[in-house]
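Working notes, structure below.
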Amino acid sequence: MKGYAMLSIGKTGWIEKEKPVAGPLDAILRPIAIAPCSSDVHTVWAGALGDRKNMILGHEAVGEVVEVGSLVKDFKPGDKVIVPAITPDWGSQEAQLGFPQHSGGMLAGWKFSNFKDGVFAEYFHVNEADANLAHLPEGMDPGVACMISDMVITGFSGSELTDITFGDAVACIGIGPVGLMGVAGANLKGAARIIAVGSRPICVEAAKYYGATDIVNYKKGDIVDQILNLTNGEGVDKVIIAGGNVDTISQAVKIVRAGGKIGNINYLGSGDYIKIPRIEWGVGMGHKNILGGLTPGGRVKTEKLANLVKYNKLDPSKLITHRFEGFKNIEKALYLMKDKPTDLIKPVVTIKY
């Protein structure tokens with residue numbers, strides 16, 4: 001089969017590989033909608049996960065089941081499914097302890113384009129199909145559903161990490177596609193004021209659509225000063241970090257109130273250490289909680305989020321600014337994510353058979 005792969009750090013290209021084989025609990029799929037992610041960019045061009053040789057990229061997909069293992073109960077060939085970016089081993093100790101995304105080791109629930117070939121291929125493998133595939137609701141646009149696989153589930157996990165409650169003031173740092181879903185999740189969870197930090201006009205308009213009440217442009221001054229000025233020096237109850245770098249957590253500590261929570265869902269692709277400002281952290285005793293978490297993935301969560309779309313509580317279509325058709329356009333879509341033109345939020349590639 002053909003796939004689009006990371007050949008080595010900084011290099012990508014098309015390769016040929018053997019078609020994957022399904023174990024008794026597994027499934028083989030072919031993609032019908034796929035999307036590149038900034039994580040693919042970090043992996044290839046920053047070498048954030050270390051060197052990977054001839055590893056097929058991609059972890060966002062809607063697919064059609066072509067083969068299932070003998071023990072798979074709920075899926076059959078021909079079924080259309082949403083494939084979560086994170087596909088844990090649900091029988092692992094880590095899953096039983098409540099952290100399936102780390103099944104088998106830290107971040108090991110993230111298998112596609114990390115530990116095994118991803119979804120930018122003519123066929124791809126999904127472990128534990130009954131637990132890791134989600135039925136595509138009838139009539140749902142596969143391209144829109146593809147946003148659920150990672151952008152929605154990751155963005156919403158920022159609200160879950162921070163335990164947003166009714167009336168909270170929330171800052172969302174970074175309003176790329178994940179951050180925009182962070183804004184949407186905060187809005188659905190009941191945040192009253194949502195301060196979105198970003199600069200690109202297309203993302204700013206989308207943030208307002210998803211519930212942002214205020215916009216802070218990091219190009220117009222220090223975001224800490226701007227947010228503290230907006231809140232009369234009080235800061236915010238919760239902070240979702242969906243962009244920036246290793247220094248962004250320091251900014252978040254400075255703007256969150258005592259007793260507040262910071263949830264990092266940003267992939268930190270470079271840097272060795274994260275600094276926490278001593279004074280603003282209450283000299284270590286400010287009850288300012290810092291959490292960083294990978295979404296757990298899995299079928300149940302994915303199908304629940306798909307229901308938000310199905311019943312018109314959420315419209316992820318606003319994330320899609322560029323649509324392509326045909327397997328050959330995967331490369332073009334990936335390079336859009338790398339170069340980030342001003343009119344881009346998210347590209348998606350649909351494939352017809």
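Some observations on this one:
- Whole-percent pair-distance distribution, where bins are 10 Å wide, for the alpha carbons of segment 204-252: 22, 57, 21
- Residues GLU67, GLU234, GLU18, arranged from fewest to most other Cβ atoms within 10 angstrom of their Cβ, appear as GLU18, GLU234, GLU67.
- Positive dipole terminus of the chain, leading residue within ALA192, GLY91, CYS37 (C-beta point charges): ALA192
- Hydrodynamic radius (Kirkwood) for segment 54-133, which is based on Cα pairs only, to one decimal in Å: 13.0
- Kirkwood-based Rg to Rh ratio, segment 95-237, C-alpha trace: 1.04
- Computed magnitude of the charge dipole of the chain (debye, nearest 20; Cβ of K, R +1, Cβ of D, E -1): 460
- Counted charge near GLU60, where neighbours are those whose Cβ lies closer than 10 Å (Asp, Glu -1; Lys, Arg +1): -1
- Relative contact order [Cα under 8 Å, 6+ residues apart], segment 156-292, whole percent: 24
- For segment 105-116, putting each phi into the Karplus relation 6.51 cos²θ - 1.76 cosθ + 1.60 with θ = phi - 60° gives couplings of x, 4, 6, 6, x, 8, 9, 4, 6, 10, 10, 9 Hz, in residue order, rounded to whole numbers and with x for Gly and Pro.
- For the chain, share of DSSP beta bridges that run antiparallel, in % to the nearest 5: 50
- Percentage of interatomic Cα-Cα distances in segment 26-176 larger than 26 Å: 29
- Rounded FRET efficiency, nearest 0.05, which uses the C-beta distance separating LYS340 from ARG278 and R0 of 45 Å: 0.85
- In the chain, the DSSP-assigned H stretches of four residues or longer account for a calculated mean residue ellipticity at 222 nm of -7000 deg cm²/dmol, using -39500 (n - 2.57) per stretch and the full residue count as denominator.
- Residue-span extension gain [ASP222 to ILE202] - 0.36 nm each, minus C-alpha spacing: 5.1 nm
- Share of pairwise Cα separations in segment 223-307, more than 14 Å, in percent: 67
- Structure remark: mean-square fluctuation, Gaussian network model of the chain, C-alpha springs under 10 Å; the largest value among ASN229, ASN187, ASN289 belongs to ASN229.
- Rounded to 10°, Cα long-axis angle of helix 330-339 versus longest principal axis of the chain: 20
- Efficiency of FRET from Cβ geometry, HIS287 and ALA192, R₀ 22 Å, rounded to 0.05: 0.55
- Partner aspartates and glutamates whose Cα lies under 20 Å from the Cα of LYS340, excluding those fewer than 8 positions away in the same chain, are identified as ASP40, GLU60, ASP150, GLU205, GLU325, GLU331.
- Per residue, the convex hull around the alpha carbon atoms of segment 156-292 comes to 94 Å³.
- Only lysine pairs 8 or more places apart or on separate chains count here, and in segment 156-292 those with Cα atoms under 26 Å apart total 27.
- Full extension of the chain between LYS328 and ASN232 gives 29.3 nm of extra length, using 0.36 nm per residue less the Cα-Cα distance.
- Of the residues GLY105, GLY263, GLY176, the one that moves most in a GNM of the chain with alpha-carbon contacts below 10 Å is GLY105.
- Using C-alpha pairs below 8 Å separated by at least 6 residues, the relative contact order for the chain is 18 percent.
Taken together, the values in this text are just the output of simple stated rules run on the coordinates, not laboratory data. A quick note: this is a predicted structure, and the numbers were derived from the prediction, not measured. Positions of Cβ are generated from backbone atoms using ideal geometry, with glycine treated the same way; all protein chains shown enter the neighbour counts.
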